[in-house]
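Each value in this text was obtained by applying a stated rule to the coordinates, not by laboratory testing. Computed from a prediction, not measured in an experiment: that's the story for all the values here. Using ideal geometry, Cβ is built from the backbone for each residue, glycine included, and neighbour counts are taken over all protein chains shown.
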Amino acid sequence: MRAPRSRLTFSGRTSTADRLFEYGVLAIALSTLILVWGLVLEMTIDAQPAIYRFGPGFLVGAQWNPNTEMFGALPFIFGTLLTSGIAILIGVPLSIGIAVYLSELAPPWVREPLSFVVELLAAVPSVIYGLWGMYALRPFIAHSVEPFFISFLGWTPLFQGNATGLDKFTAGVILAIMIIPTVASVSKETMRAVPDSQREAALSLGATRYETTRIAVLSYARSGIFGACILGLGRALGETMAVTMTIGNANRISWSMLDPGQTMSSLIANNWGEAQGIQLSALIEIGLVLFIVALVVNLFARLMVGRFMKAVPMTGGGL
Amino acid sequence: MKNQLASFAALACVVLALVPLVYILFMVVKTGAPAISWEFLTNRTVGTGGPGEGIGNAILGTLLLVFYATLIGLPIGLMTGIYVSEYGNNKIGYTVRFFNDLLANFPSIVIGLLAYALVVNLLHFGFSLFAGSVALAIIMIPIVANTTEEALRMVPNSLREGALALGVPRWRTVLKVILVNGKSGVVTGALLSVARITGETAPLLLTAFYSSYWSASLTQPVASLPLTIFRNYNSPSKELLQQAWGAALVLILIVLSINIGVRLFLRNRTGKRKVVKSWKQRLSLRT
């Protein structure tokens, strides 16, 4: 059990040194936060030229052309959503499986070390995921996975093109691997928070272990698990290096997962060095769009997980 | 039958997720190891892939970036954590924690843009070691603040009460009793945040940029291990690609040894205490 948070209050007098310390610490805590949010404002100012020039049309503009100075964000918003969607489709079922194993099935002595190893996936730097994606995952996907897609699903618009491996599908698979630690560990926490009384009730009614997990754990914890997935989505949306290195970098919209694309973050990473003037401003506006999308997604995820955790009785745990 | 099938499927998910981890480690070690030599670790990058080239300047750059970022970020994160844990049982505390948690989830490239806005646009520094350190510090602050807060809140209240009952002023109680008792948790958080910023690439691309020379100047662009990988990963030259793999090996060794070392030496000493973010703690009963 954790110690409850400090509830000490001081009705008596406090010394000057005490007050100085408290306000000093507070000032430092607040000043960084104010600085950071002030910088968001400064970023908005840097993006002004592009915001004035392209207006709301920036969000639906399909061109990115430095020569004609026409800039639109749509291909990149599209690329970000598509790759993140692939990541969620592949990563979430895997993560839930991992969470179920770690929370419900694993023997206690395996649980802790195995959780740690899964979380190590989050410690690997993103640029190394990119390097590995380029030289290990890409050939594998190009030779073994994509020809299969083309021959069976090639008639759909989603799988048209050549099996190059440098495309939205590969980027999505890498993102799926990268969100697993986040989604799995938060889902595991929510499943662990399900009171044992729920499991016992299901078991006493004659449910098998599988049914218990499905009825008592998964459905009880579903809003928390949903929040975990949204949190993973937030991570996938903002991921930069691994995507930049594997997506193939093409500034156009194409529905096929086998075509190269570009996400908001990979566009910034690719063009930062040479961008100037209105293009730089447009890049910063892309960053602003990414920031707002990630912020909304994270707030939503916190709301979901937070609401679930609040609903769980704190004392309902072990017997 | 269904029972066993489901258990097997869950176990398969775990195994499937571990394949990339093992594969990445295996490949980085196998491909990167031939590059490693004394010269490789101590010579600078010229960028042509000639003989005797190394990643010495990138290693130095990464160390400097992490050092300055820690110098800026660690005290601020620590103070924030102390405030939230010891004085933050009120509206201001909740607000600080809330915005800190949001900051922890900013995409790292956005943090690069923020640091760019500050250092390059407002302070007119240009791409520099300083800009990169600021970006990494912004990433570090919420991590250190969160782990410090968790660690300090696990210090039993009886210690606070005991110190106060002895007439110790509150600020001394915080520094000498609470911080000392929560020490291993605080150190764990600090080390994990160092591991995290060592591998950050995107913010550095936007702020510290890259240099193929030796540089320790705060106002000049600086090389780093992650950017060495990014610059060379697609190179047609075998030697430059080899450099990328060598840099990846050095980087992953640093990052993983911090992670595993913390796990083995610090977390075990604290017994069952868990310093990594616990969602129950972070999100429950907060209003």
Identify which of A:Arg19, A:Arg222, A:Arg252 has the largest mean-square fluctuation in a Gaussian network model of chain A, with springs joining Cα atoms closer than 10 Å. A:Arg19
So which aspartates and glutamates can B:Lys238 reach, going by Cα to Cα under 14 Å and dropping same-chain residues fewer than 8 places off? B:Glu53
For chain B, what is the calculated [θ] at 222 nm in deg cm²/dmol (nearest 500), taking -39500 (n - 2.57) for each run of four or more DSSP H residues and dividing by its residue count? -20500 deg cm²/dmol
Under 10 Å, Cα contacts only: if you run a Gaussian network model on chain A, which one of A:Thr68, A:Thr44, A:Thr156 comes out with the highest mean-square fluctuation? A:Thr68
Take every Cα-Cα distance within chain A, group them into 10 Å bins from 0 onward, and report for each bin the whole-number percent of pairs it holds. 6, 20, 25, 23, 16, 8, 2, 0
What nm value, rounded to one decimal, do you get for the distance between A:Arg111 and A:Ile278 when each label is placed 7 Å out toward the C-beta? 6.0
Shape of region B:52-283 from its Cα gyration tensor (a ≥ b ≥ c, root eigenvalues): rounded if a/c is under 1.5, otherwise prolate when a/b > b/c, or oblate? prolate
List, in order, the whole-Hz ³J(HN,Hα) value for each residue of region A:122-133 obtained from phi through the Karplus relation with A = 6.51, B = -1.76, C = 1.60 and θ = phi - 60°; use x for Gly and Pro. 7, 7, 5, x, 4, 5, 6, 4, x, 4, 5, x
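May I ask you to derive the FRET efficiency for A:Leu303 and B:Leu166 from their Cβ-Cβ distance with R0 = 41 Å, giving the value to the nearest 0.05?
Values: r = 44 Å, r/R0 = 1.06.
The computed FRET efficiency comes out at 0.40.
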So for the pair B:Thr42, A:Ala122, with labels modelled 7 Å out along Cα→Cβ, what separation do we get in nm? 4.0
Set of aspartates and glutamates near A:Lys188 by C-alpha distance (under 15 Å), chain-local residues within fewer than 8 positions excluded: A:Glu104, A:Glu112, A:Glu119, A:Asp196
Have a look at B:Ala163, B:Ala115, B:Ala17 and tell me which one the Gaussian network model of chain B (Cα, springs below 10 Å) gives the largest fluctuation. B:Ala17
Farthest toward the dipole's positive end in chain B, which of B:Ser128, B:Gly167, B:Tyr83, given Cβ charges of +1 (Lys, Arg) and -1 (Asp, Glu) about the Cα centre? B:Gly167
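What is chain B's relative contact order, in percent, from Cα pairs under 8 angstrom and six or more apart in sequence?
Working: 401 pairs, mean separation 72.4, N = 287.
Averaging sequence separation for qualifying contacts and normalising by length gives 25 percent for chain B.
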For labels at A:Ser31 and B:Val15 in the simple 7 Å Cα→Cβ model, what's the distance in nm? 5.6
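For a quick check: sort B:Val222, B:Val19 by the number of other beta carbons within 10 angstrom, fewest at the front. Write down the numbers at each step before the final one.
Numbers: B:Val222 31, B:Val19 10.
Exposure proxy ranking, most exposed first: B:Val19, B:Val222.
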Which one of B:Val255, B:Ser237, A:Ile174 has its Cα pushed farthest toward the positive end of the charge dipole of the protein assembly as shown, where Lys and Arg give +1 and Asp and Glu give -1 at the Cβ? B:Val255
Cα gyration tensor category, rounded, prolate or oblate, for region B:7-124 with a/c compared to 1.5: oblate
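Which net charge results when you count Lys and Arg as +1 and Asp and Glu as -1 among the other residues whose beta-carbon is under 12 Å from that of B:Gly54?
Summing Lys/Arg as +1 and Asp/Glu as -1 gives -2.
Helix-only estimate, please: 222 nm mean residue ellipticity of chain A, summing -39500 (n - 2.57) across DSSP H runs of length 4 or more and dividing by its residues, to the nearest 500.
Details: 13 runs with 197 residues, N = 319.
Helix-only estimate at 222 nm: -20500 deg cm²/dmol.
What list do you get for A:Trp132, B:Trp214, A:Trp109 if you sort them by fewest beta carbons within 10 Å?
Details: A:Trp132 26, B:Trp214 14, A:Trp109 8.
Taking fewest neighbouring Cβ atoms as first place, the list is A:Trp109, B:Trp214, A:Trp132.
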Return, ordered by residue number, the residues of region A:33-49 whose backbone nitrogen is under 18 Å from a label point located 7 Å along Cα→Cβ of B:His124. A:46
Counting other C-beta atoms within 10 Å, which of B:Tyr116, A:Tyr23 has the fewest, and how do the rest follow? A:Tyr23, B:Tyr116
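Please work out the FRET efficiency for the pair A:Leu74 and B:Ile92, using the Cβ-Cβ distance as r and a Förster radius of 45 Å; give the result to the nearest 0.05. Display every interim value, and only then the final one.
On the way: r = 41 Å, r/R0 = 0.92.
After rounding, the FRET efficiency stands at 0.65.
Taking 8 Å as the Cα distance limit and 6 or more residues as the minimum spacing, I'd like the relative contact order of region A:64-191 as a percentage. Present the calculation step by step, with values, prior to reporting the outcome.
Numbers: 101 pairs, mean separation 60.7, N = 128.
RCO, region A:64-191: 47 percent.
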Just to confirm the number: angle between the C-alpha axis of helix B:91-104 and the first principal axis of chain B, 0 to 90 degrees, nearest 10? 20
